[in-house]
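Reviewing the structure listed below.
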Amino acid sequence: MKSLLKLTFKWTLAAAILFGAAYAVSHSIDVQGVSVDHYTAEKPLFGADEFKYEAPKGDSAEDALSSKINWAIIVFSIMMVLVLANAFDISKYTAKITGRETVNQNNVNKWVMLIFMIVGLMATVWEFKNHGKHILLNNSASEHGFAYDGMFTMTLILTSIVFFATQFLLFWFSFKYANRPGEKALYYSHNNRLEIFWTIIPAIVLTALVLRGHQTWRTVVYAEDNYKGKIKSIEIFAYQFGWKARYAGEDGIMGKADYKFISGKNELGLAYEPEVDSLMVELGKQIELEKQLIKDLASGVTLAAVQATYTEAENIRDYNAMESIEKEIEAIKNGDRLDEAEASINRKTKQIERIKEIKNNKTQFAAYFNGAATDDIITQEIHIAKDSLVTFNFRSKDIIHSAWLPHMRAQMNVVPGMPTKFTFKPTKSTLEAKQEFGQEFDYYLYCNKICGVSHYNMKIKVVVESQAEVDAWLKSQQPVFIKKTEVVPAVLKSDTLTNTDTTKRIAIN
Ligand SMILES: [Cu+2]
C-alpha cells in the first residue's frame, strides 16, 4: 500500500513537471511567420508576407525574445550537466570508493527512454494542434488541388499511425524490458512470417498512394489532350528577377518567340521582324565598336587614355575611382580586356548568323514571321477566368526558376531551352478569396527555386475573375509593338483610322 502511494505520487509529480514544461515551451517558442498566435485568425500560410505582423498582446517582442533565450539557457544548462557528469563519470568513482553501486545505469536509461517518449509524443501532438491547419489543408483554389490536399492528408494519416505505433513500442519496450540482474535476454534472430508481413503491407499501401498520385498527375499533364481546343494558353516568362505574362492578341494566335531575338526593347524575344532587324543593326554597331577597341588596345591608345583618367582621379584623390581604374589598367596589360572584346565579337557574330539562318530559310521564316507575334500582349499581371481550364506555358530567359502557385497547389520548373507547362482550373475567384482571407489578400505566382539575390521578391500577381472581366482587362492592355485600332468618335474617324491602319500595315510588313 505504501509503495503504491509512493508510485502514484512519483508519477503525478513527473506528469505535472512534464506538462508544465511542455506548456511553457509551447508558449515561448515561435516559429517565425507560422505561429498561429501572432496572426489574427484565418490568415493564409502562403502570402503571409502581405499581412502585417501583430505582436501578441501583453507580450512585447523583447519579452518573447528573452523568454526564448531563457529557455535556451535552461536546455543548454541541462545538457552541460549531463555532459560533465558523463565526463567525470562520477557514479563510477563513487562506486569504486564506496564499494557498492550508487546509481543503476540501466534504471536511469529506462526512465530517460520513457520520459523521452512522453515528451516526444506530446511535442508531436502539440505540433499537429498548432501547425496542423497549415499542413492539413482543404481550401485549394483549383480543381485538382482538392485531390492533392486529400493525398497529402491520407499520407500524413497513414504515416502518423505508423509513427505513433512504432515510437511507442520502441520506447515502451526499452522501458519494460530493461536489463534486470540475473535475467537473460531472449535470442530471437529471424521470423519469416514477420518479414513477409512488414514487407507486403507497406508495399501495398505505398503502391496505392503512388498510383493515386500518378492518376492526379495525368489529369494535369494530359489535360490539353483531353480537352483539345478548350484550354486558354498563357505564356509565363521568367527572368532574374521577375515574371511577365504573354497573351495572344486580337488574332487569338500566340506568336513565335526565340531567345536569339531578345533585346532591350524586345524583352521576350518575340518574332516581330522590324524589331529583330533593328537588333541585327544594333549588334553590327556593337561589333564595330569592339573591333575599334581591339585596334586601340594594340596601338596603346586605350591604355594611354585610361592612364590619363587615372592621373585625373589621382589629382582629386578619388580613391574609389583610382582603384577601379587600376583594375582596368591591369586587365588591359594582362590581355583580359582583349579576350573579352574578342569573345563578345564572337558571340554577337554568332547571334547575327543564327538570326540570318532563320530569316533565309523559307519555312522557318514563314513559321516565325507570320505576324502572329505583332499584336501579342505582354503584361505585369496574370488574369485568368474562374472555372475554366488554363495552361501556363513556361519559358526562362536565364537560369532555372520554379513557378509556384501555392493556393492552386501548382508548381513547375521553368528551364531555359526547355518548355514546360501546367494546366489547372481555378475554382475560387480573387474576390471570394478576399472574403475568406481579408481584403489585403491576393493570389501570387512565386519563384520557388533560389535563383539569386532578389529571389525572395520574384513574384507576379494573379487575378482570378469572370471570363468577361478577363476579356475587358485584356482589351485595356496595349500590345508591345503596335497600337491597337482605337475606337474614335465618328467626326475624327476617317483621319485617325487611316493613320492607325497605315501604322499597322507598316508594322506587319
Ligand atoms: Cu527565380
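Things worth noting here:
- Residues being of a type in the set (A, V, I, L, M, F, W, C), within 12 Å of the ligand (Cβ to nearest atom) and surrounded by fewer than 20 Cβ atoms within 10 Å (Cβ to Cβ) - total across the range 411-453: 3
- All positions within the range 330-363 that are surrounded by fewer than 16 Cβ atoms within 10 Å (Cβ to Cβ) and farther than 27 Å from Tyr259 by Cα: Glu330, Ala331, Lys333, Asn334, Gly335, Asp336
- For Ser278, the conditions (1) small (Gly, Ala, Ser); (2) surrounded by 15 or more Cβ atoms within 10 Å (Cβ to Cβ); (3) more than 16 Å from the ligand (Cβ to nearest atom) are fulfilled apart from (2).
- In the range 377-400, the residues that are over 22 Å from Ser142 (Cα atoms) reach residues that are of a type in the set (Lys, Arg) and within 16 Å of the ligand (Cβ to nearest atom) with C-beta atoms within less than 6 angstrom, at least six apart or across chains, in these pairs: Ile378/Lys244; Ile400/Lys449.
- Residue, modelled with the lowest pLDDT, within the range 464-497, restricted to residues that are part of a loop (DSSP other than H, G, I, E, B) and surrounded by 15 or more Cβ atoms within 10 Å (Cβ to Cβ): Lys484
- When residues of the range 210-265 are limited to those that are within 16 Å of the ligand (Cβ to nearest atom) and part of a strand (DSSP E or B), the one surrounded by the fewest Cβ atoms within 10 Å (Cβ to Cβ): Gly242
The values are calculated or read from the model by the stated rules, or taken from the named source; none is laboratory data. Quick caveat, the model's predicted, so the values are computed rather than measured. As a convention, Cβ positions derive from the backbone with ideal geometry for all residues, glycine included, and neighbour counts pool all protein chains shown.
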